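Here's the structure we're looking at; comments come further down.
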Amino acid sequence: MTTNQPSSVATIAADAGLGIVFAAGLAFTAYMLMDSWGGNSWLFNCLVGVALSLAALARRIDRLWTTAVGLGVAALAILVSSLAELPQEPGPVAALALAVLVGSAIRTLSAGRAGTIAAAGIAVVTGAWLSGGLTSVTLFHTVSLVAAVAVGLRLRLLDIQLDAAHNPR
């Protein structure tokens, strides 16, 4: 398995679509936070979402480091938002971007590194729960991470099966 895949039209289109989803989600979340929390409460959430979205869109450059950076940003965002009494992190877009990073890493990295990434993802979700309890934010983050792990593992197994079918030993 390789961590870098060649860009195809489908890959570029999928990433463009993902970028549109990220941008629309960030705009919607910012609007909702302006309406509910007021002031500049949306700004930190938007910055975290942008950082994680960019990492997710750059994941093909280096799956390990983009995912590690994404997990670190999410963990730091949980701490900062909790201490500064800002809206809970990671927000929906950041959680979705983190799910993309984690699922992609689990699919492509070595088994040991994939396991470490999955464990780190669970630690970040646990941190979100500890910082805010059961909220729609923690529920979405949990569901998206579980889905990322499941999809990443399933695609990893399919890749192994396809490789075995095309390269019998």
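The values are calculated or read from the model by the stated rules, or taken from the named source; none is laboratory data. These figures come from a predicted structure and were not determined experimentally. Here the Cβ is made from the backbone with ideal geometry for all residues, glycine too, and neighbour counts use every protein chain on show. Keep in mind that these areas ignore ligands, DNA and RNA; they rest on the heavy atoms of the full protein, side chains included. Shrake-Rupley method; radii C 1.70, N 1.55, O 1.52, S 1.80 Å.
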| field | Scan of region 127-141 for residues that are under 14 Å from A75 (Cα atoms) and at pLDDT 90 or above, ordered by number | value | G127, A128, W129, L130, S131, T138, H141
| message | So L134 passes all but one of these: (1) exposed (fewer than 13 other Cβ atoms within 10 Å of the Cβ); (2) touching a residue at least 24 places away in the same chain (Cβ under 8 Å). Which condition number does it fail? | response | (2)
| task | Return the total of residues in region 85-110 being at pLDDT 95 or above and either open to solvent by 50 Å² or more (accessible area, probe 1.4 Å) or more than 20 Å from V50 (Cα to Cα) (or both). | result | 7
